[in-house]
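Take a look at the structure below.
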Amino acid sequence: MSTAYEELFRQALRIRMAEEKIAELYPSDKIQSPVHLSIGQEPHAAAVIGQLRKGDEVFTSYRNHAVYLAKGGDMKKMFAELYGKADGISKGKAGSMHLCAPEVGMMGASAIVSATLPHALGAAYAFKILRKKNIAVSITGDGSTEEGVFCECLNFASLKKLPLLFVIENNGLAIHSHIGTRQAFDLRKLALAYNIPYLNSDEGFDMTSIALKMRGAAARIRKTSTPMLFEIRTCRYKQHVGVSEDFDKGYRSRSEFNKWYARDPLVHNKKLINKYRSGIEKEINNAVDYAEKARFPGRGELLKDVC
Ligand SMILES: Cc1ncc(C[n+]2csc(CCOP(=O)(O)OP(=O)(O)O)c2C)c(N)n1
Ligand SMILES: [Mg+2]
């Protein structure tokens, strides 16, 4: 656990560079899976997850590379999974959208919006029943708050006083729909209606402030066993799925992106970038090499572990 800026920066840069490598490799078609990149959204992921203990459990969405890497998932196995190889996390059967590393508390992700919310709720309920001092963290997008199950989970977590943190990555978008065209409610008021304390950050790049808020929230949830909600404003740099930019689609403006980019520490903090870049490059190149050399699953693997 660290709120030290350099450690958070190194982790966020590592995630950015791993996803930039995915973008570079993607046109070769070696990656056998659709990819939803977190580029632009890594700093807050590093700052939030950096405050958790190994036994704390995280559940998230298809946009999950950042969460997986920050929680301690193996980068080599991630690349092998993206390549569809037998040495991948799920023997190449899950692909980019369903990463997991239960041994370090990254419990899973789903392509179905909000599908992992009840899983996080169940984990928090189990922690409570078993009197474990761990917390469960659900990390989902702003779109997930429109699903009925989101309100059901807020209600149950509050009613049963569960050690659960709802983190909402508000990038203002659900595929091509802007939040203003989708939501008639105020998330803070919604959380408070369920008696769930609400925290927020309007600056997804402010790793120190997010880490400090997160550290306080995690300590409070652990101590009092009550849920909280932390909304973080952020910016998705790439298209919803895939590795390109899509400003030509007309659903968002380049000027909004430019405002975020102008203050992106992973672009502008040259001193720290230069300090950590080559070590991270080595780790990524090793992971890609591992994925390239790994074998594809044989035909006999097809129906194993799936039912
Ligand atoms: C239950 C369900 N409804 C609709 C979809 C189609 N869908 C996939 S991603 C997405 C947008 C979700 O937006 P958000 O939760 O904000 O996450 P982001 O992609 O912005 O990270 C939608 C509607 C789905 N996968 N599952
Ligand atoms: Mg969104």
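Bear in mind these aren't lab numbers, they're just calculated from the coordinates by the rules spelled out. Computed from a prediction, not measured in an experiment: that's the story for all the values here. Please note: Cβ atoms are built from the backbone with ideal geometry, for glycine as well, and neighbour counts cover all protein chains shown.
Scan region 34-53 and tell me whether some residue there is surrounded by fewer than 22 Cβ atoms within 10 Å (Cβ to Cβ), more than 30 Å from N269 (Cβ to Cβ) and touching a residue at least 24 places away in the same chain (Cβ under 8 Å).
yes
Looking at region 287-307 only, could you name the residues that are closer than 21 Å to G73 by Cα and among the β-branched types (V, I, T)?
Passing the criteria: only V288.
Of a type in the set (A, V, I, L, M, F, W, C) and surrounded by 16 or more Cβ atoms within 10 Å (Cβ to Cβ): is that true of L212 in this structure?
no
Please pick out the residue among Y26, Y83 that is surrounded by fewer than 19 Cβ atoms within 10 Å (Cβ to Cβ) and touching a residue at least 60 places away in the same chain (Cβ under 8 Å).
Y26
Of all residues in region 233-255, which are in contact with a Lys or Arg (Cβ under 8 Å, 6 or more places away or on another chain) and in a helix (DSSP H, G or I)?
The one that is in contact with a Lys or Arg (Cβ under 8 Å, 6 or more places away or on another chain) and in a helix (DSSP H, G or I): F247.
Can you pull out every residue in region 69-84 that is touching a helix residue (DSSP H, G or I) at 6+ places or on another chain (Cβ under 9 Å) and not in a helix (DSSP H, G or I)?
Hits for region 69-84 are K71, G72, G73, D74, Y83.
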